[in-house]
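A.B. asks: Here it is, the structure, as C-alpha cells.
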Amino acid sequence: MKVNFFATCLCDTVKAEVAKKSVVLLEQLGCEIIFPEKQGCCGQPSLNSGYIEDSKPAMKNLIAAFEENDHPIVTPAGSCAASIKRYPEYLASEPEWAARAQKVADRLFELTQFIVNELGVENVGARLKGRAVYHPSCSLIRKLGVREEPLRLLANVEGLEMVPIKNQETCCGFGGTFSVKMSEISGEMVKEKVHHISAA
C-alpha cells in the first residue's frame, strides 16, 4: 500500500527519530512511503492561539501538498492530525478550499489508528521487557477518538507489562500553547500526572 507520510514540525525539528522509526515501521508492515516535499507546518500553534486567518496560508499549503495523490496520509502526531481534521471548519467561508480540506482530512490517520484500523495489525513484532504506564493524550482520545488502538498495540509487545495509573485519562497540562500561556496551571497539572505515574 502506498502511504503519504506527514512528518510534522515537531518531528522535523525536535523528534526526528520518531519520524524515522515511524517510516521504518510502516515499511516493515508493507507500506511504500511517499514524502510530499511541499508539506510544512499544519498551523497548529497559531490555530491554538486563535489566529485562524493568519494560519490559512499554512493550511492551504498543506492541503495542496497532499493533493498530489489520493493515498492515505499518516502522521505520528495526534495533535497535528486533530488540527487538520478541523480545516474544513476553519475554511468554511471559502467553500472550494473547505471541500479540498475535507478530502485531505478524510485520508488522514494518526499512526496507531492507521496500523490497527486500516492495516488490520495489532502485533508489530515489538519486544520490550519491563513495566510501563501509558498516558493517552487529549488529542488522541478527545479530538480524534483514538482510545483503544495504542493499547492494543502495547498489549502485544512481548515482555511488556502495562500498569494502570490513577486518573489515567486526565490531561497532562501541556496543551500546546496552553503550557506557555498558562504555565503555572500547566505545571501543577503535570506534577499531578507525574505523582500518579510515580505511585504506580
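Here, each number is a calculation from the coordinates, and none is a lab measurement. The structure presented is a predicted model; accordingly, all values stated were derived computationally and were not measured. Using ideal geometry, Cβ is built from the backbone for each residue, glycine included, and neighbour counts are taken over all protein chains shown.
A.B. asks: Check Leu128 against each of (1) closer than 30 Å to Val157 by Cβ; (2) touching a helix residue (DSSP H, G or I) at 6+ places or on another chain (Cβ under 8 Å); (3) not hydroxyl-bearing (Ser, Thr, Tyr) and name the one condition it does not meet.
C.D. replies: With respect to (1) closer than 30 Å to Val157 by Cβ; (2) touching a helix residue (DSSP H, G or I) at 6+ places or on another chain (Cβ under 8 Å); (3) not hydroxyl-bearing (Ser, Thr, Tyr), Leu128 is out only on (2).
Yes/no matrix, rows are residues, columns are (1) in contact (Cβ under 8 Å) with a residue 60 or more places away in the chain; (2) crowded, with 17+ Cβ neighbours inside 10 Å; (3) touching a Leu at 6+ places or on another chain (Cβ under 8 Å); (4) in a helix (DSSP H, G or I):
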{"site": "Val146", "(1), (2), (3), (4)": "yes, yes, yes, no"}
{"site": "Leu151", "(1), (2), (3), (4)": "no, no, no, yes"}
{"site": "Leu154", "(1), (2), (3), (4)": "no, no, yes, yes"}
{"site": "Thr170", "(1), (2), (3), (4)": "no, no, no, no"}
{"site": "Glu184", "(1), (2), (3), (4)": "no, no, no, yes"}
{"site": "Gly187", "(1), (2), (3), (4)": "no, no, no, yes"}
{"site": "Lys191", "(1), (2), (3), (4)": "no, no, no, yes"}
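A.B. asks: Let me ask you something else. Restricting attention to the stretch 100-111, report how many residues are assigned to a helix (DSSP H, G or I) and not basic (Lys, Arg).
C.D. replies: Residues of the stretch 100-111 that are assigned to a helix (DSSP H, G or I), as a first pass: 100-106, 111.
Remaining after also requiring not basic (Lys, Arg): 101-102, 104-106, 111.
Qualifying residue count, the stretch 100-111: 6.
A.B. asks: Is there a residue being on the phi > 0 side of the Ramachandran plot and hydroxyl-bearing (Ser, Thr, Tyr) anywhere in the stretch 6-18?
C.D. replies: Yes: the stretch 6-18 contains one or more residues that are on the phi > 0 side of the Ramachandran plot and hydroxyl-bearing (Ser, Thr, Tyr).
A.B. asks: Still on this structure, I have one more. When the residues of the stretch 112-131 are narrowed to those that are of a type in the set (A, V, I, L, M, F, W, C) and not in a helix (DSSP H, G or I), which ends up surrounded by the most Cβ atoms within 10 Å (Cβ to Cβ)? If you could, list the steps in order and put the result at the bottom.
C.D. replies: First, pick out the residues of the stretch 112-131 that are of a type in the set (A, V, I, L, M, F, W, C): 114-116, 119, 121, 124, 126, 128.
If we keep only those that are not in a helix (DSSP H, G or I) as well, we get 119, 121, 124, 126, 128.
Details: Leu119: 18, Val121: 16, Val124: 14, Ala126: 13, Leu128: 11.
Among them, the one singled out is Leu119.
A.B. asks: Among the residues of the stretch 81-99, are any under 25 Å from Phe178 (Cβ atoms), assigned to a strand (DSSP E or B) and out of contact with any strand residue (DSSP E or B) (no Cβ under 6 Å at 6 or more places or on another chain)?
C.D. replies: no
A.B. asks: Exactly one condition in (1) part of a loop (DSSP other than H, G, I, E, B); (2) under 30 Å from Gly43 (Cβ atoms) is false for Pro164; which is it?
C.D. replies: (2)
A.B. asks: Same structure again: What about Asp54, is it surrounded by fewer than 18 Cβ atoms within 10 Å (Cβ to Cβ) and out of contact with any helix residue (DSSP H, G or I) (no Cβ under 7 Å at 6 or more places or on another chain)? Please lay out each step first, then the result.
C.D. replies: Working: surrounded by fewer than 18 Cβ atoms within 10 Å (Cβ to Cβ): yes; out of contact with any helix residue (DSSP H, G or I) (no Cβ under 7 Å at 6 or more places or on another chain): no.
Taking the combined requirement at face value, the residue does not satisfy it.
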